[in-house]
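Where a number appears in this text, it was derived from the coordinates with a stated rule and is not lab data. Note that the structure is predicted; figures quoted are calculated from it, not measured. For neighbour counting, all protein chains shown are included, and Cβ atoms are generated from backbone atoms with ideal geometry for every residue, glycine included.
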Amino acid sequence: MKYKQIIPCIRLKDRNVTPEDILQMDNMGADGVFLIEESNDVGEEFIIKLIKAVCDASDIALTVQRHYQRLEDVKKILYAGAAHVAMDVVSSADFHLMDEVSARFGKEKILAWIPETQSVTNALVDAVKESGAGACIAAANDLSAFMLYHMPVFPVVSANTAEGCKDFLKTEDVHGVVSEYFSGRDFDLMGLKVDLAAYDIPTNRFESAIPFSEFKLNSDGLIPVVTQEYKTGKVLMVAYMNEEAFNETIRSGRMTYWSRSRRELWKKGETSGHCQYVKSLDIDCDKDTILAKVIQIGAACHTGNESCFFTNLTTRDYNAVNPMTIFDQVMATILERKEHPKEGSYTNYLFDKGIDKILKKVGEEATEIVIAAKNPDSDELKYEICDFLYHMMVLMAERDVTWKEITRELAERH
């Protein structure tokens with residue numbers, strides 16, 4: 001285990017949680033989010049939509065606690081994109097289901113959920129370990145049984161300070177802490193991790209591989225920073241940092257610059273809400289320019305434009321198609337047609353005809369690929385593959401499957 005995890009906990013009540021709530025925790029430094037639906041009053045459909053919306057926009061690991069009764073119930077949550085399920089360990093039926101889930105998905109997908117109303121005994125922890133759970137989430141102060149059986153555990157704590165968490169995290173078999181006190185939209189999770197470092201507790205936070213003193217600065221003691229959207233690669237803006245701004249960026253995980261006009265620190269988005277959350281910082285070969293890859297919330301430019309570079313000076317014709325993003329662009333157009341139908345659109349014709357028509361076209365295009373593959377002219381095969389991919393994307397849109405879900409599944413298999 002490289003570092004201890006800091007995991008906010010959210011109790012799902014009356015559908016009170018939005019994807020943006022969870023994404024904000026991810027941006028602020030959460031290592032995962034634990035969702036609890038103890039009374040089953042929120043509903044499977046809402047939870048699945050919530051998971052998909054979050055996973056489509058983020059890589060945050062979601063752990064979902066529900067009263068699972070069948071393998072199918074667990075499968076739906078994992079297939080929606082949740083990293084783990086937290087399962088009850090009250091009855092023998094719960095343990096039988098845990099065995100079944102472990103055999104199907106692997107123990108790393110399963111955590112045992114032990115609420116504060118349930119006593120933690122040696123027999124219980126031993127049974128959990130034997131049943132195939134990879135770890136436990138436990139709302140109990142006495143962790144001795146977990147230590148005895150070397151069962152990885154995430155205790156639920158009533159604290160949000162390093163002082164309140166350190167004794168738990170210093171314990172070897174404690175892999176992280178879970179708390180509702182971490183879940184406020186403005187809670188400084190990265191600051192908590194910095195504070196924990198003072199107790200020699202490793203956490204997943206930013207640390208510079210090179211000290212600022214080795215950077216080559218301009219005559220004002222500043223270093224320019226080129227800021228780029230981490231997924232698309234689009235250049236958003238150029239600004240400057242002094243040592244204080246750099247250190248605050250590393251500490252908080254939020255881009256902080258030095259304003260040359262105001263002569264003060266400038267935390268991006270502090271007044272506009274258009275924050276930039278760090279994904280990575282790199283320095284060039286001369287150590288005189290920083291490249292920041294970020295999550296941009298809202299517009300980067302004060303004019304309201306996505307990027308400050310929106311005024312073209314001159315252009316020579318060139319092919320601007322990005323092969324790394326073309327699938328997303330085509331899918332975005334298909335989804336736009338689904339949401340806002342356009343008269344005469346073939347895509348809308350397919351949606352109007354329904355799933356059977358879409359499936360028929362997917363089958364026909366797959367057959368055309370087979371036929372074209374027997375032809376020595378590869379151009380025909382290229383055209384048929386494009387036709388197939390288009391109809392497949394219409395099918396994906398019809399059934400609410402995203403490219404991120406597909407690529408995530410391929411990556412796991414790879």
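General remarks:
- Converting the Cα gyration tensor eigenvalues of the stretch 212-296 into ellipsoid dimensions via √(5λ) gives semi-axes, longest first, of 19, 16, 11 Å.
- Computed label-point distance, nm, for sites Leu313 and Val401 using a 7 Å Cα→Cβ extension: 4.7
- Ratio of Rg to Rh over the stretch 1-109 (Cα coordinates, Kirkwood Rh, two decimals): 0.96
- Amide H contacts under 5 Å for Tyr257: Trp266, Lys267, Lys268, restricted to partners 5 or more places along the chain or on a different chain, H placed in the peptide plane at 1.01 Å from N.
- With the biggest extent put first, the Cα atoms of the stretch 279-414 measure 56, 39, 38 Å across the principal axes.
- With the simple spin-label model, which puts each label point 7 Å out from Cα in the Cβ direction, the Ala320 to Glu130 separation comes to 6.6 nm.
- With R₀ set to 30 Å, the beta-carbon distance separating Tyr3 from Glu243 gives a calculated FRET efficiency near 0.70.
- Length available on full extension from Asp14 to Leu389: 0.36 nm per residue minus the Cα-Cα distance, which gives 131.0 nm.
- Whole-Å distance, taken between Cα centres, linking the stretch 388-414 and the stretch 300-334: 23
- Count, lysine Cα pairs under 14 Å in the stretch 5-197, 8 or more residues apart or across chains: 10
- Applying the criteria of a DSSP loop state and at most 12 other Cβ atoms within 10 Å to the GluC sites (Glu not before Pro) of the stretch 199-254 yields Glu207.
- Where trypsin sites (Lys or Arg not before Pro) fall in DSSP loop in the stretch 312-414, at most 13 other Cβ within 10 Å: Arg316, Lys342, Lys374, Arg399
- The slack in the chain from Arg413 to Cys285, taken as 0.36 nm per residue of separation less the alpha-carbon distance, amounts to 42.5 nm.
- Segment Asn204..Ser272, full-extension length gain: 21.7 nm, with 0.36 nm per residue of separation and the alpha-carbon distance subtracted.
- Taking other C-beta atoms within 10 angstrom as a stand-in for reagent exposure, Leu410, Leu381, Leu35 fall in the order Leu410, Leu381, Leu35, fewest first.
- Each principal axis of the Cα cloud of the chain was taken in turn, and the coordinate range along them, longest first, works out to 69, 67, 42 Å.
- When you filter the GluC sites (Glu not before Pro) in the stretch 145-204 for DSSP loop state and at most 13 other Cβ atoms inside 10 Å of their Cβ, you are left with Glu172.
- The chain, dipole about Cα centre (Lys/Arg Cβ +1, Asp/Glu Cβ -1), debye to the nearest 20: 540
- Cys with no candidate disulfide partner in the chain (beta-carbon separation under 4.7 Å rule): Cys9, Cys55, Cys136, Cys165, Cys275, Cys285, Cys386
- Dmax and Rg, reported as Rg then Dmax, of the stretch 5-197 (C-alpha, Å): 15.8, 43
- Electrostatic bookkeeping for Lys404 treats Lys and Arg as +1 and Asp and Glu as -1; over the other residues with beta carbon under 13 Å from its beta carbon, the sum is -4.
- Projecting label points 7 angstrom from Cα along Cα→Cβ for Glu343 and Ser261 puts them 4.7 nm apart.
- Cα-based Kirkwood hydrodynamic radius, the stretch 148-256, one decimal, Å: 16.6
- Sum of -39500 (n - 2.57) over DSSP H runs of 4+, divided by residues of the chain (222 nm, nearest 500): -12000 deg cm²/dmol
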